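In what follows, a single structure is set out as structure tokens and then discussed.
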Amino acid sequence: MLKLNFSDYPEIWPKVETTDFSKKGLIKLSKMYNDYICKDKQCIIYEKTFRTHFRVGADFSYGISKMNYLKSGFKFGTGTSDYFQGNINMQVNLDEEGAFNIQGSLGYFACKYKLLNGNTFNPTVLTPNDVHYDISMLKPAIQLKYKINSKKITPFVSLGLFTTLFLKDKGTIHNDHYNQTQEFNSRGFDESKSLNMAGETGEIGVEIGKYPGSIVMAVYNDYYFSSPFLKTYCLGIRCGYLFK
């Protein structure tokens with residue numbers, strides 16, 4: 001087809017046979033042809049330029065979380081607790097096809113953890129305690145998102161980092177034997193401030209629809225790699241809407 005279109009300039013045929021079937025290769029070949037036929041005037045090069053597209057959205061998720069807490073010798077691990085999280089997010093494409101994207105989000109997370117009649121201090125001496133720990137926080141996150149473009153259903157995977165901005169960070173530990181109750185938070189005992197912790201976040205899901213927006217459904221996981229929530233995870237199902 002290229003040889004037919006460039007039939008008035010057969011000298012370019014060897015280049016046609018060796019040119020890669022890519023955007024850059026074909027543009028270079030077309031410019032070479034235009035330089036030959038447009039000697040006395042400038043030809044128009046129809047080259048598609050890269051455009052940045054911003055998309056905003058919101059989603060809601062429900063899931064389960066298991067906490068592992070370790071601070072200053074105080075250690076406990078809870079069973080799974082259910083939680084809710086809401087997010088507002090924005091993503092921007094990094095390439096022309098929109099396969100790679102950067103996504104930033106701000107989420108609101110709330111969960112109530114508990115451990116009843118558990119040993120929280122000395123593993124060799126039974127010290128039964130009841131632990132209740134209620135937290136809520138804002139979770140800013142940034143992710144690299146890869147999409148497999150298709151007509152109506154677009155699968156994607158993403159991976160990134162998040163941090164914590166506590167709104168509520170209050171825990172109590174009650175010792176049944178001594179009938180004593182003590183308060184703690186992410187910094188340990190008798191501390192008023194909260195820690196800012198970090199973790200990794202990732203998801204796999206699909207975007208359904210193209211115009212005027214997309215329904216987003218995904219399974220995701222948040223995993224803390226900083227103390228005192230080291231090895232704490234949150235696993236949930238997310239559903240939302242992404243505007244074009």
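The values are calculated or read from the model by the stated rules, or taken from the named source; none is laboratory data. Since this is a predicted model, take the numbers as computed values, not measurements. We place every Cβ from the backbone using ideal geometry, glycine too, and count neighbours over all the protein chains shown.
Output the qualifying pairs, or none if there are none: Cβ atoms under 6 angstrom, residues six or more apart or on different chains, first residue in the stretch 155-175 and within 26 Å of N119 (Cβ to Cβ) and not assigned by TED's automatic domain parsing to the domain that holds I208, second residue modelled with pLDDT of 95 or more and surrounded by 14 or more Cβ atoms within 10 Å (Cβ to Cβ).
Sorted first by the residue in the stretch 155-175, then by its partner, the list stays empty.
From (1) modelled with pLDDT under 90; (2) under 20 Å from G104 (Cβ atoms), pick out the condition that doesn't hold for T154.
(1)
Looking at (1) surrounded by 15 or more Cβ atoms within 10 Å (Cβ to Cβ); (2) assigned by TED's automatic domain parsing to the domain that holds Y133, which one does F6 not meet, given that it meets all the others?
Checking F6 against (1) surrounded by 15 or more Cβ atoms within 10 Å (Cβ to Cβ); (2) assigned by TED's automatic domain parsing to the domain that holds Y133, the one that fails is (2).
Determine whether F162 is part of a strand (DSSP E or B), in contact with a Pro (Cβ under 8 Å, 6 or more places away or on another chain) and closer than 18 Å to G107 by Cα.
On the way: part of a strand (DSSP E or B): yes; in contact with a Pro (Cβ under 8 Å, 6 or more places away or on another chain): yes; closer than 18 Å to G107 by Cα: yes.
Against the criterion (part of a strand (DSSP E or B), in contact with a Pro (Cβ under 8 Å, 6 or more places away or on another chain) and closer than 18 Å to G107 by Cα), F162 qualifies.
Taking the condition loosely packed, with under 15 Cβ neighbours inside 10 Å, farther than 25 Å from S65 by Cβ and either under 23 Å from the mean Cα position of the chain (by Cα) or not charged (D, E, K, R) (or both), does K152 pass?
Yes.
Conditions tested, residue by residue: (1) at pLDDT 95 or above; (2) β-branched (V, I, T); (3) surrounded by fewer than 14 Cβ atoms within 10 Å (Cβ to Cβ); (4) assigned to a strand (DSSP E or B).
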position: I64; (1), (2), (3), (4): yes, yes, no, yes
position: L70; (1), (2), (3), (4): no, no, no, yes
position: S105; (1), (2), (3), (4): yes, no, no, yes
position: F109; (1), (2), (3), (4): yes, no, no, yes
position: Y113; (1), (2), (3), (4): yes, no, no, yes
position: D130; (1), (2), (3), (4): no, no, no, yes
position: A141; (1), (2), (3), (4): yes, no, no, yes
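Being closer than 21 Å to F84 by Cα, surrounded by fewer than 18 Cβ atoms within 10 Å (Cβ to Cβ) and not charged (D, E, K, R) is the requirement here; does T181 meet it?
Values: closer than 21 Å to F84 by Cα: no; surrounded by fewer than 18 Cβ atoms within 10 Å (Cβ to Cβ): yes; not charged (D, E, K, R): yes.
Criteria not met by T181.
For the stretch 184-221, how many residues are touching a Ser or Thr at 6+ places or on another chain (Cβ under 6 Å), crowded, with 17+ Cβ neighbours inside 10 Å, aliphatic (A, V, I, L, M) and not in a loop (DSSP other than H, G, I, E, B)?
Here the count works out to 0.
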